Amino acid sequence: MSGSSKKDKKYPKTKHEDVEEELHGVNITDPYRWLEEDSEEVQEWTEEQNEYTEEILDDSILGTLRPHLELVVEHEEYGTPVVRGDRYFQLLSEPDEDQRKLVVREEPDGEYRILADPNEFEGVVSLDWFVPSPDGDLIVYGKSEGGTEQYDLTVLDVEDDSEVMKIPDVGRCGEQTVAWLDDGFYYQKTDPEDQLDKELRYAEIDGKDHLITDDLPRKKWPILFTDQETDTTLVGIGELGGETELYLLKDGLTRILPELEASIKLLLHRGRCYLLTDHETSRWKVLSCPIEELEDITTDELDTTIPETEKVLMNIVPAKDRLVVHSLNDAVSSISIHSLNGEHLKEIDLPLAGIPRGELTGNDKTREAYTILQSFDRPPEVIQINADSYQWNTIDSVQIPGDLPDLTVDRIWVGSTDGKEVPAFITHRADIEPNKSPTVLYGYGGFRIPLTPDFKAVRLPFLEAGGVWVQACLRGGLEFGEEWHEEGMRENKQQVFDDYYSVAEHLIRSGISSEDQLAAWGGSNGGLLVATAITQRPELFAGAICAVPLTDMLRFHRTLLGATWTKEYGSPEDVKTFKALKEYSPYHNIEKRTYPPTLIRTAVGDTRVDPAHARKFAARLQKNQTDDAPICLWTEIDTGHGLGKPTSMIVEQSLHEFGFLFKYLDIDVSTLD
């Protein structure tokens, strides 16, 4: 399509303002800065964009697709059990429930008793996390409204379900920023108007609440660890994707191991401190020392408990007098059992599968650990790992309604622009051989987040209709250690995009897909990936799903959590990283040309990535699109970045996303009936 008159009728009218500024001697134009405001004008414009998106979607496709999505999401959901005392705590939901509830069991596979059920709360409320006391007698959980990740805390007596205390309006808080001692717990509180303004507090069960410190760096976040046996509290303070400073909380914060300039994950167990770290290594290792020596010990004096191997160490948990270790081997999860001094005892025999990040729990009382096992063709199951027998068994498993299609999963390796091999997983129906097939290329590439095999029921109708799902393990993640991460961060960020294009080109060159059948998909940092892809290489894609994205990389650090991401992306205030950011910033690299059909999704309640990124990007793309292919913006209400989204909203979100792709990848939806 050419000319502007047709396009002016096509899209909602969008005001264009001449806003210019000079950064590091470079003139920057920002014609849609007004869309950063929280005004009635912006709200009206957003509603018009939603109306336009609804007009673009094909009602016949949505009508056929809806019952299939509604069917496959009607399944149980299970979180990983947490064992404290003689009790097993867990988040789970039944097939007909919108939100997961907090339950407790006396046996790992026994009947559960409900402690708190957000399905019975008023409004769109989620219970996103919990932390039991060490003896399992008390539990604190976080409740959030509308997916905002701004929490109220509630403490329950587990024995009789009675409410012990409430702490409202603590802001951004979670499992890693809550830690119990004998008479209460530490927790993080953030300012309701400024999430980067943080306090560390201590709540006594008798109701007293104390400020420990409000002297916390704006760009960094605390992680709390306590050990009741030695009455020790450690605080790790770090920036996302960066090093962790370690402090002993004792009459204030006292820095320990200052020369340990590395990322650290901690375990305090049986009088010993275990540090999972990338200090002087890429694939991580475990150092340790007696807790009582932490105040005086140096890094050189730490014991190497588990040395670096070819695998990437992801997590360690206790199982009585043993350690259970989750590692990655070529982006696939593995579990090994070690003695407390690090001796490798046994590798657990697992299928090709992934374990979600952080989903491994253990305890001091039994030689048992728990995790979630899943793959593209394997619905999630909660498994119990026995560190005595080195066997595992399933405790809970997700049952997908209807007939699960017979799927096949392959792993390919694609040479990228610098010669390194990038793995990608390809999933499709077992009875078809992909041949210029409708294909989704999904990626993330950042913040040390690895993409391992996972399962999403909402993909099943797409796969059933002959679609191909490809998940690429790009630089910036942790699939191959810290070196893999650093090769895709800051000034090296373009390598992430080049990895993505290399996989896309392979899919086209090999005949698996084609330029008319390949779609880009990603969310958050992955939304940045997709936004960059369609501005740098639009000819590769026939469609794009760009979810909760960053797009203005010259102003990302000015709103919400953006300032805490400068370790990963670099800061626009720095001349060197400004140049790299400007080179790829999607919003600033839009020009008059043809872009693929694109659905940009954001949410009013997103407190991580400002919805203005999506709004500004959509407005500028619409203005510069020279083809009939639509640029759509969909803004969700009563939800946020993604955490705590109810099942009913997941159906509507998936209906928009897959309905869009079914239309623009020309997938025959009638094959589902």
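All conditions in (1) out of contact with any helix residue (DSSP H, G or I) (no Cβ under 8 Å at 6 or more places or on another chain); (2) closer than 30 Å to residue 284 by Cβ hold for residue 507, with the sole exception of (2). Which pairs turn up if I take residues in the range 610-630 that are in the same structural domain as residue 148 (by TED's automatic domain parsing) and free of Cβ contacts under 8 Å to residues at least 60 places away in the same chain and look for partners that are of a type outside the set (Phe, Trp, Tyr) and surrounded by fewer than 22 Cβ atoms within 10 Å (Cβ to Cβ) with beta carbon separation below 6 Å, at least 6 apart in sequence or on another chain? Pairs that qualify, where the first residue is in the same structural domain as residue 148 (by TED's automatic domain parsing) and free of Cβ contacts under 8 Å to residues at least 60 places away in the same chain and the partner is of a type outside the set (Phe, Trp, Tyr) and surrounded by fewer than 22 Cβ atoms within 10 Å (Cβ to Cβ): there are none.
Taking the stated definitions as given, is residue 65 surrounded by fewer than 20 Cβ atoms within 10 Å (Cβ to Cβ) and aliphatic (A, V, I, L, M)?
Numbers: surrounded by fewer than 20 Cβ atoms within 10 Å (Cβ to Cβ): no; aliphatic (A, V, I, L, M): yes.
No: the conditions fail for residue 65.
Consider residue 316 carefully, then state whether it is in contact with a Leu (Cβ under 8 Å, 6 or more places away or on another chain) and either aromatic (Phe, Trp, Tyr) or buried (at least 19 other Cβ atoms within 10 Å of the Cβ) (or both). So residue 316 passes the test. Does residue 439 count as over 24 Å from residue 536 (Cα atoms) and at pLDDT 95 or above? Taking the combined requirement at face value, the residue does not satisfy it. Would a scan of the range 31-42 turn up a residue that is without any contact (Cβ under 8 Å) to a residue 12 or more places away in the chain and of a type in the set (Ser, Thr, Tyr)? Checked the range 31-42: at least one residue is without any contact (Cβ under 8 Å) to a residue 12 or more places away in the chain and of a type in the set (Ser, Thr, Tyr). Is there a residue being assigned to a helix (DSSP H, G or I) and within 26 Å of the chain's Cα centre (by Cα) anywhere in the range 591-613? Yes, that holds for at least one residue.
Pairs linking a residue in the range 336-359 that is charged (D, E, K, R) to a residue that is at pLDDT 95 or above, with Cβ atoms under 6 Å and 6 or more positions apart or on different chains, are 346/337; 346/390; 347/336; 359/80; 359/371; 359/372. Note on the range 340-369: among residues that are closer than 20 Å to residue 268 by Cβ and in a strand (DSSP E or B), the one that is modelled with the lowest pLDDT is 363.
Looking only at the range 467-487, count every residue that is part of a loop (DSSP other than H, G, I, E, B), more than 14 Å from residue 445 (Cβ to Cβ) and touching a helix residue (DSSP H, G or I) at 6+ places or on another chain (Cβ under 9 Å) and tell me the total.
Filtering the range 467-487 down to residues part of a loop (DSSP other than H, G, I, E, B) leaves 467, 473-481, 487.
Subsequent filtering for residues that are more than 14 Å from residue 445 (Cβ to Cβ) retains 467, 481.
Those left that are additionally touching a helix residue (DSSP H, G or I) at 6+ places or on another chain (Cβ under 9 Å): 467.
The qualifying residues number 1.
Among what's in the range 319-335 and is surrounded by fewer than 21 Cβ atoms within 10 Å (Cβ to Cβ) and without any contact (Cβ under 8 Å) to a residue 60 or more places away in the chain, pick the residue that is farthest from the chain's Cα centre (by Cα). Once the filter is applied, the top-ranked residue is 321.
Among residues of the range 642-656 that are outside the structural domain of residue 123 (by TED's automatic domain parsing), those with a beta-carbon under 7 Å from a residue that is aliphatic (A, V, I, L, M) and in a helix (DSSP H, G or I) at least six positions away or on a different chain give the pairs 650/458; 651/69; 654/69; 654/458; 655/62; 655/65; 655/69.
Count of the range 522-575 residues, restricted to those that are more than 30 Å from residue 511 (Cβ to Cβ) and either among the polar types (S, T, N, Q) or assigned to a helix (DSSP H, G or I) (or both), is 17. Among the residues making up the range 381-392, those that are buried (at least 21 other Cβ atoms within 10 Å of the Cβ) and either more than 22 Å from residue 176 (Cβ to Cβ) or of a type in the set (Gly, Ala, Ser) (or both) are 383, 385, 387.
Put simply, of 124, 103, 140 the only residue that is at pLDDT 95 or above and within 28 Å of residue 609 (Cα to Cα) is 140. Report yes if some residue within the range 258-279 is in a strand (DSSP E or B), farther than 24 Å from residue 187 by Cβ and touching a helix residue (DSSP H, G or I) at 6+ places or on another chain (Cβ under 8 Å); otherwise report no. Yes, the range 258-279 has at least one match.
The values are calculated or read from the model by the stated rules, or taken from the named source; none is laboratory data. Everything numeric here is computed off the predicted structure, so don't read it as measured data. Note: ideal-geometry Cβ built from the backbone for every residue, glycine included; neighbour counts use all protein chains shown.
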